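Visitor: A single structure is presented below for examination.
Throughout, read-outs are computed from the coordinates displayed, never taken from laboratory work. Computed from a prediction, not measured in an experiment: that's the story for all the values here. Cβ placement follows ideal geometry from the backbone for every residue including glycine, while neighbour counts extend to all protein chains displayed.
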Amino acid sequence: MSPRVRFAPSPTGVLHIGSVRTALFNWLYARHNGGKFLLRIEDTDKVRSTEQNTKLIFEILEWLGIDWDEEPVIQSTRLVRHREVAEAMVKDGRAYRCCCSQEELAAKKEKALSEGKPYKYDGTCRDKNIVDAQSVIRLKSKLDGNTTVIDLVQGAVTVENAQLDDFVLLRSDGTPTYMLSVVVDDHDMGITHIIRGDDHLTNTFKQVQIYEACGWTVPSFAHIPLIYGPDGAKLSKRHGAASAVDYRELGYLPETISNYLLRLGWSHGDDEIISRDEAIEWFDLRNIGRSPSRFDMKKLQNLNSHYIRQRDNASLLSYVLPLLKKQIGEIEEKRILRGMDGLKTRAKTVVELAEAAAVYIAAPTHYDDACSKYVTDVHISLLRDVVSVLDQIGDSVTEEQVAQSIKELAEKRGVKLIEIAQAMRVALCGRLVSPSVFQIIEIIGTNETVSRINSFISCSVYPGSCS
């Protein structure tokens, strides 16, 4: 039978990058095995769930090319079904109503903790046959024996049933708990394999008991180790970024995120650069490790640099334009496109690419502090000579023609070519790193080049803004 897997995020927060990896692994498993990938939005927490977060879930999955095969299930629309299952379990004697008050439960918990014992519900109402509709519904958990899960990643994991209590399935207000709703939804959606983070492993033993109590087929489970930060702590915002939206806004391409997350905890020999088609062909749960993975921003940046270089210039332009905070005309777009080959060889992120592309739009309004070493009287004198040289040649020139003219100037002045080129780069770009300064001049023309250099020379305050 073809597998049916699901991704079931909660819109109570922005989609975590670890959750994106879970979605990717589920999607790849389905695609590799000719199965179905389904999406469920677990929005029953109405206080913290937001429409914006739900929208972002769809948006990020689409951005990453993770498509789903059936209409997404919205969990909050299924509350009646969840209650029906709980009521049926009471009727069949597999669950029971409990009228213990919150104060009574709190007192029992406090007593257990004061005695150094783990707290679990003691089954006070288990055999009372309570009929009060306002009471909670608890599962009649097994009192003895073991529950074993043959996990497809972790191997066989066993827990003594005596460690599990009669946990709540339905609250007194009629709302289901996570334990109940997730099992009912997975059953009704026909889910055959549940691939999720290993922080859910302890929940699995309780959920297996619900499956068995209902007489339903228990799906296969695969619990993936979590992603940690460089310091060995669970990956969070303090490590620089945590949500998928963060990484998109930082300028990482979707293929970079997919490739990097794939290699966090899964491997195929020594392969590091893995295409989407290769990932589908090679993906297997047996190649997922049991140890947590550590997020390495440097590796992510290096991978992103690779994919930026591989991208065609037109698609990169579509990423760059929204990041440039001004109106861009057709002339400027053509300039950026012409200069993209030189831009993308140096950029680690799309944000860096956009910042560097600004050179083709207008003169810089700010100069990096590191540029100050090129504002000496000698360099200003050299720049005046550059203006004289450029005034003698036409506006439309090639990179080679400019390079040759400036090389001759350097020889005439008895200085290294790099000294003049860096001073020109500062004047044209406001920074010490850029594409070839001669290529820049070819693209923006000598007239604009001369204008920018003259503006730089006339700046009275440095470093800072010049108008």
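Visitor: Quick one: grab the alpha carbon gyration tensor of region 369-458, order the square roots of its eigenvalues as a ≥ b ≥ c, and give me rounded if a/c is under 1.5, else prolate or oblate depending on whether a/b is larger than b/c.
Guide: rounded
Visitor: If you build the Cα gyration tensor of region 35-126 and take the root of 5 times each eigenvalue, what three semi-axes come out, in whole angstrom, biggest first?
Guide: Over the Cα atoms of region 35-126, the semi-axes work out to 38, 20, 13 Å.
Visitor: Please list, ordered by chain and number, the residues whose modelled amide H lies under 5 Å from the amide H of residue 70; skip anything fewer than 5 residues away on the same chain.
Guide: Here the answer is 39, since their amide H atoms fall under 5 Å of that of residue 70.
Visitor: Under 20 Å between alpha carbons: how many lysine pairs meet that in region 201-304, if sequence neighbours fewer than 8 apart on the same chain are excluded?
Guide: Close lysine pairs found across region 201-304: 4.
Visitor: Further, regarding this structure: Can you tally the net charge around residue 307? Count Lys and Arg as +1, Asp and Glu as -1, for every other residue whose Cβ sits under 14 Å from the Cβ of residue 307.
Guide: Around residue 307, the charge tally is +4.
Visitor: A further question on this structure: Angle check, please: helix 178-188 long axis (alpha carbons) against the longest principal axis of the chain (alpha carbons), in degrees 0 to 90, nearest 10.
Guide: With both axes taken from Cα atoms, the answer is about 90 degrees.
Visitor: Which angle between 0 and 90 degrees, to the nearest 10, do you get for helix 446-458 versus the longest principal axis of the chain when only C-alpha atoms count?
Guide: Around 90 degrees separate the two axes.
Visitor: R0 = 56 Å: FRET efficiency of residue 128 with residue 226, Cβ-based, nearest 0.05?
Guide: 0.85
Visitor: When the Cα centres of region 360-383 and region 64-92 are compared, how far apart do they sit, in Å?
Guide: First find each Cα centre; the distance between them is then 63 Å.
Visitor: Using a basic spin-label model with each label point 7 Å from the Cα along Cα→Cβ, how many nm lie between residue 302 and residue 80?
Guide: Each label point is offset 7 Å from its Cα along the Cβ direction, giving 5.7 nm.
Visitor: Let me ask something additional. Take a quick pass over region 1-118 and tell me how many lysine pairs come in under 26 angstrom between Cα atoms, counting only ones 8 or more apart or on separate chains.
Guide: Qualifying lysine pairs in region 1-118: 4.
Visitor: Now, a different point. Quick one: dipole size for region 75-180, taken about the Cα centre, charges +1 on Lys/Arg Cβ and -1 on Asp/Glu Cβ, in debye to the nearest 20.
Guide: 220 debye
Visitor: Per 0.36 nm of contour for each residue apart, how much would the distance between residue 351 and residue 158 grow if the chain were fully extended, relative to their Cα-Cα spacing?
Guide: Between residue 351 and residue 158, full extension yields an extra 64.6 nm.
Visitor: Can you tell me which lysines have their Cα less than 23 Å from the Cα of residue 334? Leave out same-chain residues fewer than eight positions away.
Guide: Cross-link targets: 325, 326, 344, 348.
Visitor: Take the Cβ-Cβ distance between residue 111 and residue 312 as r, set R0 to 60 Å, and report the resulting FRET efficiency rounded to the nearest 0.05.
Guide: So, using R0 = 60 Å, E works out to roughly 0.30.
Visitor: Now for a different question. When you count, for each residue, the other Cβ atoms within 10 Å and take the mean per peptide, how do 439-445, 119-125 rank with the highest first?
Guide: 439-445, 119-125
Visitor: Here is a further query. Put +1 on the Cβ of every Lys and Arg and -1 on every Asp and Glu Cβ in region 369-458; which of 370, 427, 439 then has its Cα farthest towards the positive end of the dipole?
Guide: It is 370.
Visitor: I would also like to ask the following. How would you order 86-95, 67-76 from highest to lowest mean count of nearby Cβ atoms within 10 Å?
Guide: The most tightly packed comes first, giving 86-95, 67-76.
Visitor: In nm, to one decimal, how far is the residue 287 label point from the residue 418 one, both placed 7 Å along Cα→Cβ?
Guide: Rounded to a tenth, the inter-label distance reads 4.4 nm.
Visitor: Another one. Which option, (1) 61, 22, 14; (2) 63, 22, 19; (3) 47, 22, 18, is the value of semi-axes √(5λ) of the Cα gyration tensor in Å that was calculated from these coordinates?
Guide: The calculated read-out lines up with (2).
Visitor: Find out how many positive minus negative residues lie around residue 98, taking Lys and Arg as positive, Asp and Glu as negative, among other residues whose Cβ is under 9 Å from that of residue 98.
Guide: Overall, the nearby charge balance is +3.
Visitor: Check cross-link reach from residue 142 to the aspartates and glutamates: straight Cα distance under 20 Å, and skip same-chain residues fewer than eight apart.
Guide: Within reach: 87, 92, 122, 127, 160, 165, 166, 212.
Visitor: In addition: Can you give the extra length, in nm with one decimal, that the chain gains between residue 451 and residue 218 once fully stretched, where that is 0.36 nm per residue apart less the Cα-Cα distance?
Guide: Taking residue 451 through residue 218 to full extension adds about 76.5 nm, to one decimal.
Visitor: What are the residues whose amide H is under 5 Å from the amide H of residue 170, where those residues sit 5 or more places off or on another chain and H is modelled from the backbone?
Guide: 137, 177
Visitor: Using only the alpha-carbon atoms, how far is helix 79-91 inclined from the longest principal axis of the chain? Give it as 0 to 90 degrees, nearest 10.
Guide: On a 0 to 90 degree scale, this one is about 30.
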